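I have placed the structure first, in the form of structure tokens, so that the comments after it can refer back to it.
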Amino acid sequence: MSTTPQRNELRTTHVVVALLALACALRAYKLNSQLWLDEIGSVTGSLRRPFIDIATQWPGSATDVLIDLLAHLSIGIFGESAAAVRLPAMLFGVAGIWALFTLSHYLFPRGAAIFITALACVSYHHIFFSQNAAGYTALMFGTLWLSYLLLVMNEAKAVSRASGCQYALAAILTAYCHPFGPLVPTFQVFIALGLFLWSLRRASVFRFPLVSYLYYTVPAGLVSVMLYLPFVEGFLGHAAMNAQTAEEGPRFGFGLVVEIVEGLSAAFFGYAGLAIATGFGIVGVFVWLRRKPLSLCILVLPLFGQAFLFAAFGFGIHPRYFAAALPIVLMLGGLTIYELTRIASTFLPARVQGGALVGVLIVLTIASAYPLGRYYAYPKQDFLSAFRLIEAQQGPGDIRTGVQSPGSFISDYYGYADYHRLDEISQLTELEKQQQRIWVITSLERLMRTADAQLMDHIHTHYDRVSSFPGTLGDGDVHVYVGPRAIAQ
């Protein structure tokens, strides 16, 4: 007969396996929906190149090298499709759910770890990133696994060969999967040095094994540097362009706050839900700091470092650049809700406390999945519906255009060679001289306004909006206009 702890562990294993199966199913569902602009840019600018070029040549725009390489292989096996392009991100997303449970189980009670994992399985944003052809889910996975290994090393005051090799591989993966990835192992080295110096100051016999730790991290760092060497010039050039180009995204300020609030509210039942979730998160910070302050520091410090670099160099920012914060948010919220529910259950009769706790947590998990209804109802950006609308309503001689990036991708990716790209108001006014009706497709209008406010004002003033097609990407609705009004009518 199994002992009670063994039965509990077996039951936990079954639950986690079931959650991983659910996570895989939710991330595979509609994986082949339309690509959005950044994903299209990856396909046309990077993934269609030879494998060796992806590994050695900067494509001219931001690239997540490891994910691009894996997506290139996926396309080679399955053919070019949205699902093939996104498959690496999806697999890392599922792996990240497992890593989240492993770390949460190490830090918190088993019930809290399972609840946090369940919330991640049905998380609107985690599924979004798992169905996005970029390195964010790989970055989340690597950050969680590196953090777990560092905590284990610190507690054991030793580095085994297995944990050291795992840490080195995880550090290389994390560094190579995303341009922000190198910050994670770099800041962890500083944390490890701080732990060692702290133990020296306390004259502790049990010290952080800094020498053994560096024995694995230094080679991993050298490998990461070698992998990135071909990209240094391109990366620096792109960084300089980003800092000088307004449409690369808002800087620290009100515009960024708007993007963050809008993006988060989609998964928290609107702004009121976001406010409640923020309150739970603040409580979670205090609960976490009382229990495991080092772990929170390990997870958060690279994000602060990243924010400092953005501010110092004036880079444009989008909230998704801080996707590695998502597991932290899930852990904070999950831990708080679990503890409050557990405390509330103690007022019930002892015989029903456990069942009531589990029942409430299941109900809350199901409720948190409600925003997925809208997520699955729309693609990230619905350009195909816009094309169909124009094709159905256009007349002989009508001119078709796309503003900024959509204008290029409509031709390069979708194959509509007769769509003009509009970057400046002068290009649109030149087309208007032909005295023909003009169709205009826009999306991400806040960024478009940043690039050329006159162009957007001209469209809004002199063109009629025919329709808008919702998307799950923040400000990603695709709008169709026709005009100029005098000619269109």
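Tabulated results
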quantity: The range 337-350 residues that are more than 14 Å from residue 283 (Cβ to Cβ), paired with ones that are open to solvent by 20 Å² or more (accessible area, probe 1.4 Å) and in a helix (DSSP H, G or I) (beta carbon under 7 Å, 6 or more apart); calculated: 345/353; 345/356; 345/357; 346/353; 348/356
quantity: Helices (runs of 4 or more DSSP H) within the range 1-105 that include 1 or more residues in contact (Cβ under 8 Å) with a residue 12 or more places away in the chain and over 27 Å from residue 475 (Cα atoms); calculated: 4-28, 51-56, 65-78
quantity: Condition met for residue 485 (more than 16 Å from residue 406 (Cα to Cα), open to solvent by 40 Å² or more (accessible area, probe 1.4 Å) and in contact with an Asp or Glu (Cβ under 7 Å, 6 or more places away or on another chain)); calculated: yes
quantity: Residue among 412, 418, 457, 423 that is open to solvent by 50 Å² or more (accessible area, probe 1.4 Å) and touching a residue at least 40 places away in the same chain (Cβ under 8 Å); calculated: 412
quantity: Pairs where the first residue, in the range 381-395, is closer than 18 Å to residue 476 by Cα and the second is of a type in the set (S, T, N, Q) and open to solvent by less than 30 Å² (accessible area, probe 1.4 Å), C-beta under 7 Å, 6+ apart; calculated: 381/443
quantity: Selected residue [surrounded by fewer than 16 Cβ atoms within 10 Å (Cβ to Cβ) and at pLDDT below 80] from 317, 276, 343; calculated: 276
quantity: Qualifying residue in the range 227-235 (condition: at pLDDT below 80 and either assigned to a helix (DSSP H, G or I) or open to solvent by less than 60 Å² (accessible area, probe 1.4 Å) (or both)); calculated: yes
quantity: Considering residues of the range 172-210 that are open to solvent by 50 Å² or more (accessible area, probe 1.4 Å) and assigned to a loop (DSSP other than H, G, I, E, B) only, the residue nearest to residue 296 (Cα to Cα); calculated: 207
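Each row is one residue, and each column tells you yes or no for (1) open to solvent by 20 Å² or more (accessible area, probe 1.4 Å); (2) under 18 Å from residue 122 (Cα atoms).
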site	(1), (2)
8	yes, no
24	yes, yes
27	no, yes
38	yes, no
42	yes, no
56	yes, no
65	no, no
71	no, no
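The values are calculated or read from the model by the stated rules, or taken from the named source; none is laboratory data. Here the structure is a predicted model, which is why all the values come from computation and not from measurement. Here the Cβ is made from the backbone with ideal geometry for all residues, glycine too, and neighbour counts use every protein chain on show. Please note that ligands, DNA and RNA were not included when accessible areas were found on the heavy atoms of the full protein model with its side chains. Shrake-Rupley method; radii C 1.70, N 1.55, O 1.52, S 1.80 Å.
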